[in-house]
Amino acid sequence: MQNPLISILIPFKNTEQFLPECLDSIRDQSYEHWELIIVNDHSTDSSFNIVSAYAEKDKRIKLFTNLGQGIINALQLAFIESKGDYITRMDSDDIMHPEKLHTMLYDLISHGKKHIALGLVSYFSKDGIGDGFAKYESWLNGLTQQGQNYTEIYKECVIPSPCWMIHRDDFITCEAFTPNRYPEDYDLAFRFYQNKMTCIPSHTILHYWRDYSSRTSRTHEHYAENHFLELKLNYFLKLNYNASRPLTVWGAGQKGKKVARLLKAKQVSFYWICDNPKKIGKHIYDELLLSFEYLKVLENPQSIVTVANPDAQVEIKAYFKTQDMKAMTDYFFFC
């Protein structure tokens, strides 16, 4: 096996209680030819001193201070300072499996460029994992086991932000961390999809993902659901929307209304359908709510589904099947 350099990129801010365990898991990797480019995003606790002490002991750890503000600026600096043939992310509060780097590198060398290596993830928390995280873990790992991550990319982020590896040239093709768009991990997943980076199936847990109440994805405004919907819609219109086909929005709840507002702001015509008899026939934002049966009237429509209820989603998928409609071509679940 070749011995290329892997660059591990980590932004950190006020994670003093988790950093030692994270850094130890990196130093304990079976694959040793790595560099850690770790960027302090203006921590106010002892995080900088902790990392500095590790860097003194291990010259593979290279510590920098963010010249700007926020995770994107920190990641941009980390990538600029990196020299590895392969690029991977890590979060400063998580833990690597000892074989993580070796396994992902072997997958990439075996499959070649235009591929992205992934691993299964396992959430952990001192307070226990909630039902929502357990479901997300199961859903995400199910996609990764098949290498079918992109098939549900409009639901949620299908690439675990701290558990991927890609060749440097391919990462540059995907614009690396250049775009200043949040959530940055979801935006990157869409760019992997846009540039046809094939996901390599994985059946091994390689990353232990920590959850706690002050985690950034729980608290930062940029990770609010409204930002997710705008990001999803922008990429849908760019990558999957066919303007020659009628577009429908299925669902008139909070998310359906948000999508409808965004489409109207972009002057994209659509039909609004639902299966709620209390809403059918009424107008919202000057748009008439139609029965889902209206789909049969339309010729070769595309549908954005904003219905979140799992049982309703099963029924909707069954309906699409009766109409010979295909996922990611004819219909797209946005939740």
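The values are calculated or read from the model by the stated rules, or taken from the named source; none is laboratory data. Just so it is clear, the structure is predicted and the values come from calculations on it, not from any experiment. A quick note on method: Cβ atoms are made from the backbone with ideal geometry, for glycine too, and the neighbour counts reach across all protein chains shown.
Here are some notes:
- Where helices (runs of 4 or more DSSP H) fall wholly inside the range 76-182, the ranges with 2 or more residues that are of a type in the set (S, T, N, Q), closer than 25 Å to Lys196 by Cβ and out of contact with any helix residue (DSSP H, G or I) (no Cβ under 6 Å at 6 or more places or on another chain) are 100-111, 131-146.
- Of everything listed in (1) in contact with a Leu (Cβ under 7 Å, 6 or more places away or on another chain); (2) crowded, with 20+ Cβ neighbours inside 10 Å; (3) among the hydrophobic types (A, V, I, L, M, F, W, C), the single unmet condition for Leu120 is (2).
- Qualifying positions in the range 311-335 - touching a Lys or Arg at 6+ places or on another chain (Cβ under 9 Å) and under 22 Å from Gln254 (Cβ atoms): Tyr331, Phe332, Phe333, Phe334, Cys335
- Top-ranked residue in the range 61-75 [being over 22 Å from the mean Cα position of the chain (by Cα) and assigned to a loop (DSSP other than H, G, I, E, B); ranked as nearest to Pro4 (Cα to Cα)]: Asn66
- Taking the listed residues Lys296, Lys326, the one that is of a type in the set (Lys, Arg) and modelled with pLDDT under 95 is Lys296, with no other qualifying.
- Within the range 212-236, tally of residues that are surrounded by 19 or more Cβ atoms within 10 Å (Cβ to Cβ) and at pLDDT below 95: 1
- Applying the condition of being in contact with a helix residue (DSSP H, G or I) (Cβ under 9 Å, 6 or more places away or on another chain) and assigned to a loop (DSSP other than H, G, I, E, B) to the range 19-31 and asking which residue is nearest to Asp85 (Cα to Cα) yields Tyr31.
- Checking every residue in the range 326-335 against the condition of being small (Gly, Ala, Ser), in a helix (DSSP H, G or I), on the phi < 0 side of the Ramachandran plot and surrounded by 11 or more Cβ atoms within 10 Å (Cβ to Cβ) gives zero matches.
- Residues (under 26 Å from the mean Cα position of the chain (by Cα) and basic (Lys, Arg)) located in the range 265-300: Lys266
- Figure legend. Inter-residue proximity from the range 285-298: first residues in the same structural domain as Ile316 (by TED's automatic domain parsing), second residues at pLDDT 95 or above and loosely packed, with under 13 Cβ neighbours inside 10 Å, beta-carbon distance below 7 Å, spacing 6+ or different chains. Indicated pairs: Leu289/Gly281; Leu289/Lys282.
- Of note, Trp164 does not satisfy the criterion of being under 25 Å from Ile304 (Cβ atoms) and either in the same structural domain as Ile95 (by TED's automatic domain parsing) or not basic (Lys, Arg) (or both).
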